[in-house]
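What follows is a set of notes on a single structure, which appears directly below.
Readers should treat all values here as calculations from the given coordinates under stated rules, not as data from a laboratory. Because the structure is a prediction, the values reported are computed rather than measured. In this analysis, Cβ positions are derived from the backbone assuming ideal geometry, glycine residues included, and neighbour counts consider all displayed protein chains.
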Amino acid sequence: MSAGAEITAETLEVAIEKMVYGGDGLARTPHGVVLVAGVIPGEQASVRLEERRRGVRRGQVLELVASSPDRVVPDCPYFGRCGGCQYQHISYPKQLELKQEIFRECLERIGKIRLEVPISVAASEPWHYRNRVRFQIEKQGQEFRIGYYEMLSHRLCPVNCCPISSPAIHEVLAKLCDGAGAACFPDGTAELELFASDNDRSMLATVYSSAAPPPEFGETLRSAFPILESVCWREQTQQRETIWGSGATTYRVGEFHFRVSHESFFQANRFLHEKMIQAVIEDLEGHRALDLYAGVGFFAVPLARRFEKVVAVEAEASAARDLAANVGVVGGRARTFHKSVEKFLASTSHNWDVVVVDPPRSGLTPAVAEQLPRTRARRLVYVSCDPTTLARDLARLTPKPYQIRSVHLVDQFPQTFHIETVVHLEQSG
């Protein structure tokens, strides 16, 4: 039977044409485009069609008719049910190849940009790389369940291992599943975020809940897990937090040291921090550098070694406090601003040599995209965790006043569809 031919009203045999951003394979059928999870381009599969949701038709694999030579056995027993990973069935070299293809396709389809420069790839160790994870918790009486949401749902998938997490996080998870510390959690649902230090020997634990913390929760949890340097309970309905311990940890990246608090963002792949900094810094140097969406200063501190003056801007309160502490080591060469990027750019001067932007997944707001060219920076570095919003923003910035100089794909999240890139732009004309 030919690919795409109808078997029943609900079942098709399809040929997977390509991967799309989000982790699915795309097949073209008489019923239109169908997205299928757990496949690889070139494969043929018998799939059961699901109802169209939000304009998208999905297919569930019933049988692989022809499989790819790049297919491997997933290392995680929960793969396919847990929604955390999408690519464990694909060999790691092929994952990197697919991410480059998806990145180029996003630029062309969304930004109408045909990439004329090669993509430099920084590969990762494919397992045990994550220094931060967020688990879902459900507890009722003696029953304690911890895990991730199932794929495309808010149903809990209980797990007792997570092979993409650091060994220390993996160990804490296993002990929680065995009952250590579980009794101190109240009945109901909550989220538990674990952030491990660079040497995997200390950790921050943050609980997100609508309830107030039980008395002495933090002391009890730290007693069960001595690796916990600090425990924070975030009562989300009241926007209150209770902290037991230091409230932060120190994360070392080469010669640099960063204070990181419970609520502060930090790069999640413990194997790629130095390569990420190198991808951003590249050959940059000069008098004045501006770091927007600066976080805890992951790029601002290294930039201060290359520039006479660095200004770092961060709106989120926790990260802004850490940023101020971290840039303190470079003295008067760096200055921080706790305000939104929009407000800062509305009043800043225009004599910057370099501007670095590392926005959230949603990308640049229209105001920031409009204001950036007014900085007149000769170099602009865009750090992106979403190629779709990056493509949209680059369409506004190129080919005038900027042109793309280099592209780095830093594979922060092996086994997943996520694509982290660093794009260097320079003034055109």
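What list do you get for 329, 301 if you sort them by fewest beta carbons within 10 Å?
329, 301
For the range 132-250, count the residues as N, evaluate 2.2 N^0.38 Å, and divide the Cα radius of gyration by that value, please.
0.99
For residue 334, which sequence-distant residues (separation of 5 or more, or a different chain) have an amide H within less than 5 Å of its own amide H, given hydrogens modelled in the peptide plane?
It is 310, by chain and number.
In the Gaussian network model of the chain, springs joining C-alpha atoms below 10 Å, which of 201, 132, 321 carries the largest mean-square fluctuation?
201
Relative contact order, percent, of the range 11-66 when contacts are C-alpha pairs under 8 Å separated by at least 6 residues?
On the way: 130 pairs, mean separation 18.4, N = 56.
Reported as a whole number, the value is 33 percent.
So what's the back-of-envelope 222 nm ellipticity for the chain, counting only DSSP H runs of four-plus at -39500 (n - 2.57) apiece and dividing by all residues, rounded to 500?
Per the formula, -6000 deg cm²/dmol.
Any idea how far the Cα center of the range 175-189 sits from the one of the range 379-429, in Å?
42 Å
Consider the candidate values [x] 23.2, 71; [y] 21.6, 75; [z] 23.3, 83; state which one is Rg and Dmax of the Cα atoms in Å computed from the structure displayed.
The listed entry that was calculated here is [x].
Mind listing the long-range amide H neighbours of residue 122? Cut-off is under 5 Å, sequence gap 5 or more, other chains count too, H placed in the peptide plane at 1.01 Å from N.
409, 410, 411
With charges only on Cβ, +1 for K and R and -1 for D and E, what is the dipole size of the chain about its Cα centre, in debye, rounded to 20?
1220 debye
Straight-line reach from residue 94: which aspartates and glutamates have Cα under 20 Å away, leaving out those fewer than 8 places along the same chain?
Candidates past the 8-residue exclusion: 17, 24, 43, 70, 75, 105, 125, 386, 411, 420.
Let me spell out the model: positive unit charges on the Cβ of Lys and Arg, negative unit charges on the Cβ of Asp and Glu, origin at the Cα centre of the range 139-218. What dipole size does that give, in debye rounded to 20?
The dipole magnitude comes to about 120 debye.
Distances over 11 Å make up what percent of all Cα-Cα pairs in the range 388-429?
Of all Cα-Cα distances in the range 388-429, 68 percent exceed 11 Å.
Kindly provide the Kirkwood hydrodynamic radius of the range 1-151 in Å, to one decimal, from all pairs of distinct alpha carbon atoms.
Details: mean 1/r = 0.0571 Å⁻¹.
Value: 17.5 Å, from the Cα pair sum.
Shape verdict for the range 11-66, please, from the Cα gyration tensor: rounded (a/c under 1.5), prolate (a/b greater than b/c) or oblate. Don't jump to the answer; show the numbers that get you there.
Details: a/c = 1.62, a/b = 1.19, b/c = 1.36.
Oblate shape, in that a/c is at least 1.5 and b/c is the bigger or equal ratio.
Between the range 109-143 and the range 249-301, what is the C-alpha centre distance in whole Å?
Between the Cα centre of the range 109-143 and that of the range 249-301, the gap is 18 Å.
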